[in-house]
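The values are calculated or read from the model by the stated rules, or taken from the named source; none is laboratory data. Nothing here was measured: the structure is a model prediction, and the numbers come from that model. Because the Cβ atoms are built from the backbone with ideal geometry, glycine has one as well, and the counts that use them run over all protein chains shown.
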Amino acid sequence: MQPTTRFKPKGIIPAVITPLNGDGKFNELAFRKLLNYLIDNGVHGLFVVGTTGEFYGLTPEEKREIYTVAVEETGGRVPVYAGTNGITTRETVLLTQIAEECRADAVSVLTPMFLSPNQNELTDHYTTVAKNTSLPVILYNNPPKTGVSLSPATVAKLAEINNIAGIKDSSGDMTVGAEFIRLTRHLDDFSVLMGRDTLIYGGLCYGAAGSIAACANVAPGLCADIYEKFIAGDLKGSLEDQFRLAPLRLAFTLGTFPAVIKESLTLLGIDAGPCMPPAGPMTIDERSRLRKVLTEMGLID
């Protein structure tokens, strides 16, 4: 299958949380409100059912529901990127086809986890996924979480496939990210997106097209400003906004991911609900330290 139009991932794309009710079920009303909050604050896309969205705890039926709600509520205002992560190629293809049925604009595909595929197997995996969808495919490199790395050479090879449109790099290694950019910079239709929120500005300087950012749930306007100011040529302002954002990303260690993001949204008055067990709530001391970070950032009084 081939995409009907060229798709260019760019800008600030929040890795959206999945709000849950007290019983652990998807909170559709809170999700719809969150999507509008993010769009109203200037983000350039929405990435749902990713790592931050706790994809690992959702059934295929729940993922279908979230894809559908995201596309419906967004109404074409910004692109919707659907996470279609699976351990096996078969599962990944299935989820990707569900996302296509739900009219997502693109899919993001994390490397398989638990298994330890080599680079040839990863190439075959992504090639098969791309061949079985007309949607643009965003590769997703997150070795700290999966223990699996996409090499720059593998990414350069996959970038030649017509509907593989980019990569989200959450390695946190700027050398790796820079190599992704260097080896694909001749391709007009391939984007490198930073997945480590402390490296948005650095990535843009190297030639990245933007960022899929977990912090953009909490500070969407600030994240969007890093990108918008950079594009406008205000490099000093962009860097200052990156420095303002850094303490929030560094505070992620205060709780079990993605607790800090959900707790931050709660402190902002946005209904996020709990994380999926075994990720538990933050302690009173951890919440106090997080509140201090948000206060110093000017996000809460």
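On the given criteria, is A82 closer than 20 Å to G210 by Cα, in contact with a Cys (Cβ under 8 Å, 6 or more places away or on another chain) and at pLDDT 95 or above?
Yes, satisfied.
Could you tell me whether any residue of the range 278-292 is touching a helix residue (DSSP H, G or I) at 6+ places or on another chain (Cβ under 8 Å), closer than 19 Å to N41 by Cβ and at pLDDT 95 or above?
The answer is no, given that none of the residues of the range 278-292 is touching a helix residue (DSSP H, G or I) at 6+ places or on another chain (Cβ under 8 Å), closer than 19 Å to N41 by Cβ and at pLDDT 95 or above.
From the list K25, K33, K8, exactly one residue is of a type in the set (K, R) and either surrounded by 17 or more Cβ atoms within 10 Å (Cβ to Cβ) or under 17 Å from the mean Cα position of the chain (by Cα) (or both). Which is it?
Testing whether each residue is of a type in the set (K, R) and either surrounded by 17 or more Cβ atoms within 10 Å (Cβ to Cβ) or under 17 Å from the mean Cα position of the chain (by Cα) (or both) leaves just K8.
Restricting attention to the range 238-295, and to residues there that are of a type in the set (V, I, T) and assigned to a helix (DSSP H, G or I), which single residue is surrounded by the fewest Cβ atoms within 10 Å (Cβ to Cβ)?
Ranking the qualifying residues of the range 238-295, first place goes to I284.
Take residues that are at pLDDT below 95, over 21 Å from M194 (Cα atoms) and of a type outside the set (F, W, Y) and tell me which of the helices (runs of 4 or more DSSP H) falling wholly in the range 107-161 contain 2 or more.
Where helices (runs of 4 or more DSSP H) fall fully within the range 107-161, none carries at least 2 residues being at pLDDT below 95, over 21 Å from M194 (Cα atoms) and of a type outside the set (F, W, Y).
State the number of residues belonging to the range 182-229 that are within 29 Å of R291 (Cβ to Cβ), of a type in the set (V, I, T) and surrounded by 24 or more Cβ atoms within 10 Å (Cβ to Cβ).
Qualifying residue count, the range 182-229: 4.
Which residue out of L95, L38, L34 is in contact with a Pro (Cβ under 7 Å, 6 or more places away or on another chain), within 27 Å of G207 (Cα to Cα) and assigned to a helix (DSSP H, G or I)?
L38
Does the range 164-181 hold any residues that are buried (at least 21 other Cβ atoms within 10 Å of the Cβ) and closer than 21 Å to T127 by Cβ, and which are they?
Within the range 164-181, I164, A165, G166, I167, K168, D169, F180 qualify.
To keep it simple, each residue is scored yes or no on (1) under 22 Å from Y140 (Cβ atoms); (2) at pLDDT 95 or above.
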{"residue": "M1", "(1), (2)": "yes, no"}
{"residue": "I13", "(1), (2)": "yes, yes"}
{"residue": "V16", "(1), (2)": "yes, yes"}
{"residue": "A30", "(1), (2)": "no, yes"}
{"residue": "E62", "(1), (2)": "yes, yes"}
{"residue": "Y67", "(1), (2)": "yes, yes"}
{"residue": "T92", "(1), (2)": "yes, yes"}
{"residue": "I98", "(1), (2)": "yes, yes"}
{"residue": "C102", "(1), (2)": "yes, yes"}
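Tell me which residues, restricted to the range 179-206, are of a type in the set (A, V, I, L, M), in a helix (DSSP H, G or I) and either touching a strand residue (DSSP E or B) at 6+ places or on another chain (Cβ under 9 Å) or modelled with pLDDT under 95 (or both).
The answer is I181, L199, I200, L204.
Quick one: how many residues across the range 188-221 are touching a residue at least 40 places away in the same chain (Cβ under 8 Å) and either farther than 22 Å from S171 by Cβ or touching a Pro at 6+ places or on another chain (Cβ under 8 Å) (or both)?
The total comes to 14.
Being of a type in the set (V, I, T) and on the phi < 0 side of the Ramachandran plot is the filter; apply it to the range 36-57 and report the residue that is surrounded by the most Cβ atoms within 10 Å (Cβ to Cβ).
Filtering first and then ranking leaves V48.
Being within 19 Å of P112 (Cα to Cα) and either in a helix (DSSP H, G or I) or modelled with pLDDT under 95 (or both), is that true of even one residue in the range 163-171?
So far as the range 163-171 goes, no, none of its residues is within 19 Å of P112 (Cα to Cα) and either in a helix (DSSP H, G or I) or modelled with pLDDT under 95 (or both).
List the pairs whose first member sits in the range 266-281 and is within 13 Å of P19 (Cβ to Cβ), whose second member is assigned to a loop (DSSP other than H, G, I, E, B) and of a type in the set (D, E, K, R), and whose Cβ atoms are under 8 Å apart, counting only residues at least 6 apart or on separate chains?
So the pair list comes out as C275/E54; M276/E54.
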